[in-house]
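See structure below.
The values are calculated or read from the model by the stated rules, or taken from the named source; none is laboratory data. Everything numeric in this text was worked out from a predicted model, so none of it was measured. Here the Cβ is made from the backbone with ideal geometry for all residues, glycine too, and neighbour counts use every protein chain on show. When the accessible area is computed, the model is the full protein with side chains, heavy atoms only, and any ligands, DNA or RNA have been set aside. Shrake-Rupley method; radii C 1.70, N 1.55, O 1.52, S 1.80 Å.
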Amino acid sequence: MAISTVSKLGAIIRSPIGKKLVTGITGLGLVLFVLVHMLGNLTLFISADAYNAYAYHLENWGPLLYGIEALLLVSVLFHAALGIEIFASRLRSRPRVYADYVSAGQKSADRPSYQSVSSRTMIITGTLLAAFLVAHLLTFKFGSYYPGEVDGHQARDLARLVIEKFQQLYFTLSYTAIMAFLGLHLRHGIWSALQSLGVLGQGVRPLVFGLGSLLALAIAAGFVALPWAIYAGFVG
Ligand code: HEM
């Protein structure tokens with residue numbers, strides 16, 4: 001790809017609109033990931049074998065999985081970097097107003113305000129989720145390997161690791177706190193991403209805000225249910 005095209009792309013991504021668009025598109029991609037990831041983890045409610053079979057068949061996607069993982073990694077890096085840049089540029093452009101915005105939750109121009117604890121804490125919940133992700137991958141993806149079996153094949157007993165972790169109260173409590181932050185981040189993130197993509201007409205905004213909040217709640221609740229079911233002894 002010609003240098004000029006790459007630099008044009010770079011210039012678009014660095015433009016205020018470009019940053020919001022890329023943050024929105026990567027954000028929606030990550031929402032889809034956590035939704036699928038949450039549903040996948042709920043297979044542990046069926047049985048440990050079902051959970052291990054799910055992970056085993058996913059692993060067997062081979063290059064397709066590596067491609068998805070690479071896309072996931074690039075999305076997280078772009079999303080985080082541009083999210084920080086947007087926050088920093090707002091702080092730079094309006095430090096005084098921004099302080100008021102953070103503390104008072106101002107109404108904007110006679111339209112219903114979508115400012116909330118979620119919107120005012122995006123940089124905080126985003127940073128906490130980024131730190132969580134590193135710890136999470138070290139714990140599970142690159143964590144202890146317990147040999148198991150799926151359909152007669154040697155496979156990882158991932159269920160044993162997940163159950164082992166969430167039988168510890170501090171682990172279950174910390175995941176519950178993180179999922180609350182995830183819910184807050186998604187509650188504003190889903191709506192804001194759709195807003196940035198310019199797909200929200202004035203009339204549908206309240207509805208989309210409501211549906212986005214429900215989806216955020218469902219994803220966070222689905223992630224919280226598993227650790228507590230394991231800790232309470234219903235699973236595992
Ligand atoms: C109770 C909540 C969760 C549980 C039980 C859980 C469980 C797991 C497990 C067992 C793996 C390893 C999969 C493997 O190696 O095949 C994994 C990977 C991963 N998790 Fe989670 N997870 C949870 C929440 C989250 C959340 C909230 C996020 C994002 C904010 C997340 C992001 C990831 C990512 C990016 C991977 C790597 C996926 C891959 O490379 O295939 N997880 N998770």
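For this structure, a couple of remarks:
- The set of residues in region 4-34 that are at pLDDT 95 or above and over 25 Å from residue 87 (Cβ atoms) is empty.
- Residue 145 fulfils the conditions (1) of a type outside the set (Gly, Ala, Ser); (2) under 30 Å from residue 25 (Cβ atoms); (3) open to solvent by 30 Å² or more (accessible area, probe 1.4 Å) except for a single criterion, (2).
- Flag if residue 167 is open to solvent by 50 Å² or more (accessible area, probe 1.4 Å), farther than 27 Å from residue 89 by Cα and not hydroxyl-bearing (Ser, Thr, Tyr): yes
- Leading residue by the ranking (nearest to the ligand (Cβ to nearest atom)) among those in region 7-45 that are in contact (Cβ under 8 Å) with a residue 40 or more places away in the chain and of a type in the set (S, T, N, Q): 41
- Single residue of region 185-236 satisfying the filter (closer than 18 Å to residue 172 by Cβ and not in a helix (DSSP H, G or I)) that is least open to solvent (accessible area, probe 1.4 Å): 235
Here is a yes/no grid of residues against (1) modelled with pLDDT of 95 or more; (2) surrounded by fewer than 17 Cβ atoms within 10 Å (Cβ to Cβ):
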{"residue": "113", "(1), (2)": "no, yes"}
{"residue": "116", "(1), (2)": "no, yes"}
{"residue": "124", "(1), (2)": "yes, yes"}
{"residue": "130", "(1), (2)": "yes, yes"}
{"residue": "136", "(1), (2)": "yes, yes"}
{"residue": "172", "(1), (2)": "yes, no"}
{"residue": "180", "(1), (2)": "yes, yes"}
{"residue": "183", "(1), (2)": "yes, no"}
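- Remark: residue 155 matches the filter, which requires a residue to be outside any helix (DSSP H, G or I), surrounded by 15 or more Cβ atoms within 10 Å (Cβ to Cβ) and not hydroxyl-bearing (Ser, Thr, Tyr).
- Condition check for residue 48 on (1) in contact (Cβ under 8 Å) with a residue 12 or more places away in the chain; (2) over 21 Å from residue 159 (Cβ atoms): one failure, at (2).
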